[in-house]
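I have placed the structure first, in the form of structure tokens, so that the comments after it can refer back to it.
Nothing in this text is a laboratory measurement; each read-out follows from the coordinates by a stated rule. Being a predicted model, the structure only gives us computed values, none of them experimental. Heads up, the Cβs are rebuilt from the backbone with ideal geometry, glycines too, and the neighbour counts pull from every protein chain shown.
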Amino acid sequence: MTGKEEKLIGLMREQIDVEKRNLEALAQAENEAKETAVRLALMNMRLDTWKHQKFLEGMIEMMTTTPCDEWSAKVGRYAGRVKLERDLEEFMNDENDMIKLANEALGLVNDPLAAFLLEKLKEEEERRFGELEELVTLIKQSPLQSKKGKKGTDVVCDTD
Ligand SMILES: [Fe+2]
């Protein structure tokens, strides 16, 4: 691992600590919130924060694990990608339904705060739809192991 990578991982770990601290504070504020709208807004932030923590942890995992001579790991990853493609279509159909329903509901809602929250929800569904496509394209392009061999079929061992 290069010094730059080590520094990056150090930064990510630092951020994880902040995310964790924030997560606890948000959970507490959420529990104490008297109003539903406030509780929902805090919950939204809490879930994002939790997601950031998990993303950072996953990225560190990606950077630090190198499967070595693991044919089964490679096969497993390949199978995972095939499944991902199948799942994607279903996820996108669901997202489409959610967007349609949120749109319909938006036309009926009068309360400005509820409208705001619903609008946010709809925006998120729409963004996710685009992200799903982008993510799968990226995953398809990345090699099956984290280190590149000379040929695409090489399984590279970590010799560090
Ligand atoms: Fe965050």
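Using only the alpha-carbon atoms, how far is helix 3-32 inclined from the longest principal axis of the chain? Give it as 0 to 90 degrees, nearest 10.
Tilt of helix 3-32: around 30 degrees.
Work out the length of the dipole vector of segment 1-115 about its Cα centre, built from +1 on the beta-carbon of each Lys and Arg and -1 on the beta-carbon of each Asp and Glu, and round it to the nearest 20 debye. All intermediate terms of the calculation are to be shown ahead of the outcome.
Values: 16 positive and 23 negative charges, 58 e Å.
My answer is approximately 280 debye.
Around E119, under 14 Å between beta carbons, what's the net of Lys plus Arg minus Asp minus Glu among the other residues? Please list the in-between numbers first.
On the way: positive: K120, K122, R127; negative: E104, D111, E123, E124, E125, E126.
That sum, taken over residues with Cβ under 14 Å, equals -3.
Would you calculate a helix-derived [θ] at 222 nm for the chain, using -39,500 (n - 2.57) for each DSSP H run of n ≥ 4 and dividing by the full residue count, to the nearest 500?
Values: 4 runs with 125 residues, N = 160.
Value at 222 nm, helices only: -28500 deg cm²/dmol.
List the pairs from K100/K120; K34/K54; K34/K120 whose alpha-carbon separation is above 26 Å, in the order I gave them. Present the calculation step by step, with values, prior to reporting the outcome.
Working: K100/K120 14 Å; K34/K54 29 Å; K34/K120 21 Å.
Pairs exceeding the cut-off: K34/K54.
Using Cα springs under 10 Å in a Gaussian network model of the chain, which residue among Q141, Q15, Q53 shows the largest mean-square fluctuation?
Of the options given, Q141 has the highest mean-square fluctuation.
With only Lys, Arg, Asp and Glu charged, each at its Cβ (+1 for the first two, -1 for the last two), find how big the charge dipole of segment 1-61 is about the Cα centre; round to the nearest 20 debye. Walk me through the numbers before you get to the answer.
Working: 10 positive and 12 negative charges, 17 e Å.
So the dipole magnitude of segment 1-61 works out to roughly 80 debye.
Considering Cα pairs under 8 angstrom that are at least six residues apart, work out the relative contact order of segment 72-147 and quote it in whole percent. Write out the running numbers ahead of the final one.
Values: 30 pairs, mean separation 34.5, N = 76.
Reported relative contact order: 45 percent.
How much length would be gained if the chain were fully extended between L108 and M63, taking 0.36 nm per residue of separation minus their Cα-Cα distance, in nm to one decimal? Don't jump to the answer; show the numbers that get you there.
Values: separation 45, 0.36 × 45 = 16.20 nm, distance 4.74 nm.
Extra length available between L108 and M63 comes to 11.5 nm.
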